[in-house]
1. What pairs come out if I take residues in region 26-39 that are charged (D, E, K, R) and pair them with residues that are at pLDDT below 90 and not in a helix (DSSP H, G or I) whose C-beta lies under 7 Å away, six or more apart or interchain?
2. State the number of residues belonging to region 39-79 that are under 10 Å from the mean Cα position of the chain (by Cα) and either surrounded by fewer than 14 Cβ atoms within 10 Å (Cβ to Cβ) or among the aromatic types (Phe, Trp, Tyr) (or both).
Amino acid sequence: GLEKQKGKLRLDTPEWVLKPGESGRPTVVPGEPFQSEIFRRISLPRDHDEAMPPDGKRPLTSEELVKIMNWIYAGAPVK
């Protein structure tokens, strides 16, 4: 969001959802979770340097990963 972000990564507006982060890769590619940087990072092994969320934060559950994958498949709508 506006108040707290890492790597210029935000998901609070449609413009930011589609904008690349510091990596230069698209944060979200609507309909393509496996081309989306956000999904790549949340799917990485916990000990990987780029894994999200960072150390000290609760990892996402399998159900949460599926919800995010489905959100991206659905076109990543932002209200």
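The values are calculated or read from the model by the stated rules, or taken from the named source; none is laboratory data. Being a predicted model, the structure only gives us computed values, none of them experimental. FYI the Cβ positions are ideal-geometry reconstructions off the backbone, even for glycines, and counts take in every protein chain you see.
1. Qualifying pairs under 7 Å: GLU37/GLY21; GLU37/SER23; GLU37/ARG25; GLU37/PRO26; GLU37/THR27.
2. 2
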